[in-house]
1. Under the 0.36 nm per residue contour assumption, what length would be gained going from the current alpha-carbon distance of K205 and S88 to full extension?
2. Can you list the residues, at least 5 places off or on another chain, whose amide H is less than 5 Å from the amide H of Y193, using H built in the peptide plane?
3. Could you run the Karplus curve 6.51 cos²θ - 1.76 cosθ + 1.60 with θ = phi - 60° over segment 130-137 and give me ³J(HN,Hα) per residue in whole Hz, x for Gly and Pro?
4. When DSSP assigns beta bridges and you keep just the ones with both residues in the chain, what percent turn out antiparallel, to the nearest 5?
5. Please state, rounded to one decimal and in Å, the Kirkwood hydrodynamic radius that the chain gives when every pair of distinct Cα atoms enters the mean of 1/r.
6. Could you derive backbone 3J(HN,Hα) for segment 179-189 from the dihedral phi with the Karplus parameters 6.51, -1.76 and 1.60 (θ = phi - 60°), listing whole Hz in sequence and x where the residue is Gly or Pro?
7. Could you tell me the extents of segment 136-210's C-alpha atoms along the three principal axes, largest first, rounded to whole Å?
8. Just report the Cα centroid separation between segment 22-97 and segment 112-187, whole Å.
Amino acid sequence: MANYVEEIKELVIDGEDEEIVDKIKEAIDAGVAVGDIVNNGLIEAMNVIGPMMASGELFVPEVLMSAETMQVGLNYVKPLLQDGDLKSLGTVVIGTVEGDLHDIGKNLVAMMLESSGFTVINIGIDQSPQAFVDAIVENNAQIVGLSALLTTTMPAMRDTVALIKEKGLDVKVAVGGAPVNKEFADSIGADGYSEDATGAVALCKGFVGA
């Protein structure tokens, strides 16, 4: 039975989204537990991919293909999951700040977080400070991720953090994006910064003690 799980893991690593559902069906027909498929196949594949991306062995387009394959597999098995098969590490609201229309990096982080066991609420691009606050409250999020790809939208990131603090929300704030660095993150009162998707997952896991 372990073979099926290993094959599912390999398909995700290779980004074979057209084959993943058939392989999952085979595994289920053979009696493999859905929780096993999710945790040791789909999620474990992304745990392998993170370090491969960090070391330069895989590049963003390949990681996106892997993350999309994982999503296809996860979407297929979600209706089959029993309570307890997939324990969420916590809820993360993620979005690109006001005035910024970039979303590839943010979407990659969102997919990597979901693949790692977080519940992710992706609110999209060009989101106002109030939109972030509303999403945090509505979803009872433990973490919020802010992305900015332009130096001109960095002030919007500062304003968003300021509003979150002003509202007294009990949420960890993670920031990232090309022009952002640790010094800037510290200066606006963010709880953490990451320069890539792999680091973002590690940062969020650290926030929840996972």
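What follows draws every value from the coordinates through simple rules; no lab data is involved. Please read these numbers as outputs of a predicted model, since none were measured by experiment. With ideal geometry, Cβ positions are generated from the backbone for all residues, glycine too; neighbour counts draw on all protein chains shown.
1. Here the answer is 41.0 nm.
2. V175
3. 5, 5, 5, 4, 4, 5, 4, 5
4. Antiparallel bridges make up about 0 percent of those DSSP assigns within the chain.
5. 17.5 Å
6. x, 8, 9, 4, 4, 5, 4, 5, 5, 9, x
7. Here the spans come out as 30, 28, 19 Å, largest first.
8. 24 Å
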